[in-house]
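To start, the structure itself, in structure tokens.
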Amino acid sequence: MRFPAYTISEMGRDSQDRNKRRSWFRDRQMPGAVDMEAETIIYYHPITEQSHQRLAAKRHWWQDAMLRERPLPEQRLCPGGPGSSFTLVDCPVPPFSYKRKAWKPEELSECMETVLHRTSGMADVYLHPQVMTWVSGKYADRWETCRETMEMLFSSLLSVYASQCLRKQGQVTVLLGAPGDTRWQMEMSWRLLEPYLSRVNSLVFYYVEMEKIDIWEELSDCLETYYYEYGLVPQLCPYQTQKRKAGGAGPEGAGVILDCGAGNPGILSGRQSVYVDMASSQEKEQACTRRNGQMLYVSPLKYLDTMVKNSYDRLVH
């Protein structure tokens with residue numbers, strides 16, 4: 001079967017339309033939960049099978065390269081009750097388009113676009129770092145996962161891996177990332193933590209200190225919400241101050257550590273902690289592994305890889 005070929009300009013317009021369809025969240029101010037509809041995430045990742053037939057996207061030169069997706073049978077639930085779920089579509093990407101011919105970024109992007117077009121409902125995408133390398137920086141913005149999807153994955157990670165630690169220890173450390181995204185990260189942290197805040201007794205935000213910016217004034221409404229709603233007084237601590245106190249080491253972490261895109265602050269301590277990393281950094285995963293089991297590392301990439309692997313295991317057995 002031959003799928004329609006989209007020109008770059010057409011694909012660009014489709015991408016803009018798709019971004020409008022991805023506006024799943026209603027504009028709300030803190031406090032308040034955000035409604036999530038049942039949505040679909042297409043996970044593009046390097047193919048795991050090593051058979052010769054699957055190493056290329058087409059077997060004959062006259063065929064069109066094609067990706068074969070597979071919806072997973074179960075819906076992965078997020079906190080929030082009915083309608084708070086998403087369906088994962090597994091889409092393995094062969095390393096070659098034909099024989100041993102490497103992908104052209106435009107060709108791979110068009111194949112991925114075809115999968116997106118034939119997926120029912122409102123869908124977003126998540127690309128494995130290796131696949132993102134194959135499509136190159138030229139198409140990186142087009143295939144970037146939207147914030148709402150990242151928040152949904154973060155919510156699932158907390159529910160599956162961190163809820164017990166949150167309720168047992170009651171300690172949360174939030175590592176804020178780029179200063180330009182601080183407001184969004186603070187509001188997202190509220191939505192993610194709100195189901196557990198009645199059991200939280202310690203909340204610390206680490207941030208990048210900027211000249212001529214009063215972080216307390218900028219975030220006063222966010223911080224006051226924690227106090228008025230749950231009697232919780234969050235702490236704000238700049239990374240630079242903590243490093244000076246700790247002799248160059250990173251911030252202390254306890255309980256659940258939410259990394260919202262921090263550069264690489266490191267963690268000074270973190271016994272029996274759960275490290276939730278939005279950026280899926282391999283370097284941070286290795287750092288947590290060196291903790292001898294004292295720190296559990298989880299990320300959207302590792303979560304999706306685990307779901308795909310488990311689905312293959314069930315097929316084999």
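Here are some notes:
- The stretch 138-176 versus the stretch 273-305: alpha-carbon centroid distance in Å: 12 Å
- Solvent-accessible surface (1.4 angstrom probe) belonging to TYR206, in square angstrom, nearest 10: 10 Å²
- Cα gyration tensor category, rounded, prolate or oblate, for the stretch 186-237 with a/c compared to 1.5: prolate
- Potential lengthening of the chain between GLN130 and ARG167 amounts to 9.7 nm, from the contour at 0.36 nm per residue minus the alpha-carbon distance.
- For the stretch 100-112, 3J(HN,Hα) per residue [Karplus equation, 6.51 cos²θ - 1.76 cosθ + 1.60, θ = phi - 60°, Hz, x = Gly/Pro]: 10, 8, 5, 5, 7, x, 5, 5, 5, 4, 5, 5, 5
- Three-way shape label, the stretch 116-221, alpha-carbon gyration tensor, a/c 1.5: oblate
- The residues of the stretch 138-212 expose, per residue, 43 Å² of accessible area to a 1.4 Å probe.
- Under the shape rule built on the C-alpha gyration tensor, where the axes satisfy a ≥ b ≥ c, the stretch 110-175 is prolate, since a/c reaches at least 1.5 and a/b is greater than b/c.
The values are calculated or read from the model by the stated rules, or taken from the named source; none is laboratory data. This structure is a prediction, so every number in the text was calculated from the model and none was measured. Protein only, heavy atoms only, side chains kept; ligands, DNA and RNA dropped before computing areas. Shrake-Rupley method; radii C 1.70, N 1.55, O 1.52, S 1.80 Å.
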